[in-house]
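Beneath this line is the structure, given in structure tokens, with notes to follow.
Each reported figure results from applying straightforward, stated rules to the coordinates on display, with no laboratory input. None of the values given here were measured: they were computed from a predicted structure. A quick note on method: Cβ atoms are made from the backbone with ideal geometry, for glycine too, and the neighbour counts reach across all protein chains shown.
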């Protein structure tokens with residue numbers, strides 16, 4: 001019986017690439033999404049991956065959604081916390097609503113998605129948790145204090161949890177993608193995007209499949225000795241220490 005993997009934000013962009021890669025690696029994948037029913041259903045029909053709708057920023061919704069996945073597919077062995085949003089604004093224009101919305105969806109969701117499954121992973125002696133952070137969680141980005149704070153928090157969350165559960169056969173790692181060729185990045189004005197690409201040593205945007213390949217390795221048996229790590233996948237745009 002194949003292991004069950006849940007990918008949040010798993011029907012679009014980086015998440016879509018991760019869902020497809022994990023299915024290709026033999027996992028039974030549940031792709032979570034928040035709101036675009038048409039896009040999610042089209043993804044499911046094309047990929048054969050079942051989709052599950054809930055808001056990762058809602059603790060009760062996460063508990064109910066994860067319970068439904070387990071009832072339909074079996075115990076959850078892998079969680080990829082990929083879902084995220086942006087609500088960019090300079091600090092002097094940033095509202096409480098925009099701050100809380102990003103923190104809740106991007107950071108609080110780490111707890112909401114992990115707490116309901118961690119006991120089962122501990123009991124079974126196996127688990128893989130991969131949390132998608134960002135280059136801007138490492139270096140910061142003007143106009144994104146909310147987003148950068150949330151993504152930096154993901155790194156701390158991952159390192160702390162990794163230490164708690166390592167002896168139970170559970171690994172916890174964070175991936176920090178750079179600028180990836182997704183719909184979110186495509187929405188950036190062309191001149192701004194050209195400026196961003198000019199700062200990337202490899203001279204291009206990343207591909208969702210390249211992030212997915214890192215996830216696939218981290219959740220595999222070959223990745224069992226890697227935990228508490230922060231994997232930087234950004235084409236050399238920002239080179240982290242250590």
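Sorting check: for 170-182, 216-228, which peptide has the highest mean count of neighbouring beta carbons within 10 Å, and how do the rest follow?
170-182, 216-228
Between residue 1 and residue 233, what is the label-to-label distance in nm when each label sits 7 Å out along the Cα-to-Cβ direction?
2.9
Sorted from largest down, give the three principal axis spans of the alpha carbons of region 71-111, whole angstrom values.
47, 15, 13
Calculate how large, on average over all directions, the projected area of the Cα convex hull of region 1-59 is; give the answer in nm² to one decimal.
Mean projected area for region 1-59: 4.0 nm², to one decimal.
For the pair residue 188 and residue 241, how long in nm is the line joining their label points, each one 7 Å along Cα→Cβ?
Each label point is offset 7 Å from its Cα along the Cβ direction, giving 2.6 nm.
Label point 7 Å out from residue 142 along Cα-to-Cβ: which residues of region 84-98 have amide N under 17 Å?
From region 84-98, the list is 88-94.
Could you sort the peptides 189-199, 230-240 by per-residue average Cβ neighbour count (10 Å cutoff), highest mean leading? Kindly include the intermediate steps, with their values, before the conclusion.
Working: 189-199: 10.9, 230-240: 16.5.
Sorting 189-199, 230-240 by mean packing, highest first, produces 230-240, 189-199.
Once you've got the GNM for the chain with C-alpha springs shorter than 10 Å, pick whichever of 35, 84, 137 has the biggest mean-square fluctuation.
Largest GNM mean-square fluctuation: 35.
Rounded to two decimal places and with Rh computed the Kirkwood way over Cα pairs, what is Rg over Rh for region 107-205?
Numbers: Rg = 16.5 Å, Rh = 15.2 Å.
Here the Rg-to-Rh quotient is 1.09.
Taking the 0 to 90 degree range and rounding to the nearest ten, how far is the long axis of helix 13-24 tilted relative to the main principal axis of the chain, both from C-alpha atoms?
30
Over all directions, the average projected area of the alpha-carbon convex hull for region 102-164 comes to how many nm²? Write down the numbers at each step before the final one.
On the way: hull surface 16.9 nm².
Mean shadow area of the hull around the Cα atoms is 4.2 nm².
Sorted from fewest to most neighbouring beta carbons within 10 Å, what does the list 16, 183 look like?
On the way: 16 25, 183 9.
Starting with the residue having the fewest Cβ neighbours, the order is 183, 16.
Relative contact order (percent) for region 4-232, with alpha-carbon contacts under 8 angstrom and 6 or more residues of separation? Numbers along the way, then the final one.
Values: 424 pairs, mean separation 48.4, N = 229.
With pairs under 8 Å counted, the relative contact order is 21 percent.
Can you tell me the orientation of helix 208-218 relative to the chain, as the angle in degrees between its alpha-carbon axis and the longest Cα principal axis, to the nearest 10?
40
Between helix 109-124 and the chain, what is the angle of the helix's C-alpha long axis to the longest principal axis, kept within 0 to 90° and rounded to the nearest 10?
30
Each label point is 7 Å from the Cα along the Cα-to-Cβ direction; what then is the distance between the points at residue 72 and residue 207, in nm?
3.0
So what's Rg/Rh here for the chain, counting alpha carbon atoms and using the Kirkwood radius for Rh? Don't skip to the answer; put the middle values down first.
Details: Rg = 17.0 Å, Rh = 18.0 Å.
Rg divided by Rh gives 0.95.
What number in nm² do you get for region 1-133 if you take the convex hull of its Cα atoms and divide its surface by four? Don't skip to the answer; put the middle values down first.
Details: hull surface 33.4 nm².
For region 1-133, the mean projected area of the Cα convex hull comes to 8.4 nm².
Suppose only helical runs count, i.e. DSSP H with n ≥ 4. What mean residue ellipticity at 222 nm does that imply for the chain under -39500 (n - 2.57) per run, divided by all residues and rounded to the nearest 500 deg cm²/dmol? All intermediate terms of the calculation are to be shown ahead of the outcome.
Numbers: 10 runs with 112 residues, N = 242.
Roughly -14000 deg cm²/dmol at 222 nm, from the helical runs in the chain.
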